[in-house]
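The values are calculated or read from the model by the stated rules, or taken from the named source; none is laboratory data. Predicted, not measured: the structure shown is a model, and the values here were computed from it. A quick note on method: Cβ atoms are made from the backbone with ideal geometry, for glycine too, and the neighbour counts reach across all protein chains shown.
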Amino acid sequence: MISRKDFLKQGALLGGAAFTSLGMRRAADVAKPASGKTKNVIFLVSDGMSTGTLTMADLLIRQNHGRASHWMDLYHTGRSKRSLMDMASLNSVVTDSAAAASSWGSGKRIVNGAVNVGPEGQEHVPLLPIMKLAGKATGLVTTTRITHATPAGFIANVRNRAMEDEIAAQMHERGADVILGGGMRHFRADTRRDGQDLFGKFATSGYHTVRTKAELAAVPADGKPLIGLFTDSHLPYEVDRRHIAELSRDVPSLAELTDSALKRLAAKPNGFLLQVEGGRVDHAAHGNCAAGLVFDQMAFDEAVGVAVAFAADRDDTLVIVTSDHGNANPGLNGEGSNYGGSLGNLMKLNQVTRSNEWIRDEWGRHRPASVAELREQFAAWTGFDVKAEHAEDLAEALQGTNRAIYSKMGTGSGVMGQIIASFTGINFIGDAHTADYVELAAFGPGSEGIGGFVKNTDLFTLILEATGVEVF
């Protein structure tokens, strides 16, 4: 065992060799091996999930499938501890995903935008390297670029979350056993600033490398590490993935990625730490996209179901389900006599086949020739017959000429969200993160240490104590 200071001095964080799958030092040289009751930790994050998002997804799951969401079922059955968590960063009550993930990843509050780096440049040791050096397997799964803020917060050290090429390089150096998500552009030689073929380096380091759902399904269970990058940037919104044949064929769902990761990590004798992120919930909230938001939350809930099923008959696995911050605070508004039309409005989401982002991108490529054509296309993708005056407002917003009293709601995204709200009753208060305390559910060994109200950095300590891993 060595101190955190010496840990850094000896180059364990930045030197690279200590973290590669081929050249890692013995765990006993840098960290105390696990001795706690918890063998495995599954940490699931719905990025940017406000309480209204959780509620709407649960309501729609009940209507579509006749059951509660997996997350809410944890509450109904009393199986999990339930808490609220204060997610403030070092410099704001409204946090960003980098500071939020770093608070869990290193147990330190840092300023928004940084990843496990303090205001004076201090580099804090993140959880995945700690666990790996203590003999545990590690994994990252996300629907965003794998180099995005939330997965980075568990493995990387950079002064700015935008340094995604550097984050990708650190992922190779530090050698997580399973890496699944998007973001190929930060691993390809022709799109990286340094020209490195980082994806090829993973293969040279002994990783299985996959790009499609079929390739993922065909990976042999031989104990070798795995990296799967399925898109150049983020994975598609679930509403798009479900309705576009090519995406449905080639891009796995978050639940499929989670299941694949757990099957590989479960074979590791000393246990594992796996982080799973439903990252596009946050993006949909930023974009005021009701369908993107709710269906991605439902897809995240399916991943929760995979984790719950994995841990169901075990007494050695800690499962944590939470969010890193609220975003745009969407909610289902009361509609109709005595609000009797509210649930029916929510169910109209089932007819939407494209995300707002997909629609805007399509209009960027092929600008509608008239307001009438805009209305026709919008109806084809959403099923909503937009009023002519609302279509005109949207056209102005897309051109940047729309004016709104609250400027955040005058953008193309804001106006599109308000148009859809007139049909679904789902509206947003803005397009940015909020200061909400977030929901936290946890069960399994170690969860007894969670009180009714916790601080974000407490989860770092909780995981170390539960697994018995120590770094001094």
Among the candidates Ala137, Ala176, Ala169, Ala114, residue that is more than 21 Å from His208 (Cα to Cα) and at pLDDT 95 or above: Ala114
For segment 73-95, name all the residues that are in contact with a Leu (Cβ under 9 Å, 6 or more places away or on another chain), farther than 13 Å from Lys455 by Cα, not basic (Lys, Arg) and not in a loop (DSSP other than H, G, I, E, B). none
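Every residue, every condition in (1) touching an Asp or Glu at 6+ places or on another chain (Cβ under 7 Å); (2) touching a residue at least 12 places away in the same chain (Cβ under 8 Å), yes or no:
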residue: Val321; (1), (2): no, yes
residue: Ala328; (1), (2): yes, yes
residue: Gly331; (1), (2): no, yes
residue: Ser342; (1), (2): yes, yes
residue: Asn350; (1), (2): no, yes
residue: Glu357; (1), (2): no, yes
residue: Arg360; (1), (2): no, yes
residue: Arg365; (1), (2): no, no
How about segment 28-72: which of its residues are modelled with pLDDT under 95, surrounded by fewer than 24 Cβ atoms within 10 Å (Cβ to Cβ) and not in a helix (DSSP H, G or I)? Val30, Lys32, Pro33, Ala34, Ser35, Gly36, Lys37
Does Ser248 satisfy the condition of being in contact with a helix residue (DSSP H, G or I) (Cβ under 7 Å, 6 or more places away or on another chain), assigned by TED's automatic domain parsing to the domain that holds Leu293 and over 22 Å from Ala57 (Cα atoms)? no
Which one of Leu198, Leu180 is touching a residue at least 40 places away in the same chain (Cβ under 8 Å) and within 25 Å of Gly279 (Cα to Cα)? Leu180
Restricting segment 382-395 to residues that are in contact (Cβ under 8 Å) with a residue 12 or more places away in the chain and assigned to a helix (DSSP H, G or I), the one farthest from Ser413 (Cα to Cα) turns out to be Ala388
Which numbered condition in (1) closer than 20 Å to Leu60 by Cα; (2) touching a strand residue (DSSP E or B) at 6+ places or on another chain (Cβ under 6 Å) is the only one that Val319 fails? (1)
Checking the condition in the same structural domain as Ser103 (by TED's automatic domain parsing), of a type in the set (A, V, I, L, M), modelled with pLDDT of 95 or more and under 22 Å from Ala68 (Cβ atoms), which residue from Ala309, Ala285 passes? Ala309
Subset of segment 173-189, residues in a helix (DSSP H, G or I) and either surrounded by fewer than 24 Cβ atoms within 10 Å (Cβ to Cβ) or of a type in the set (Ser, Thr, Tyr) (or both), comes to Glu173, Met184, Arg185
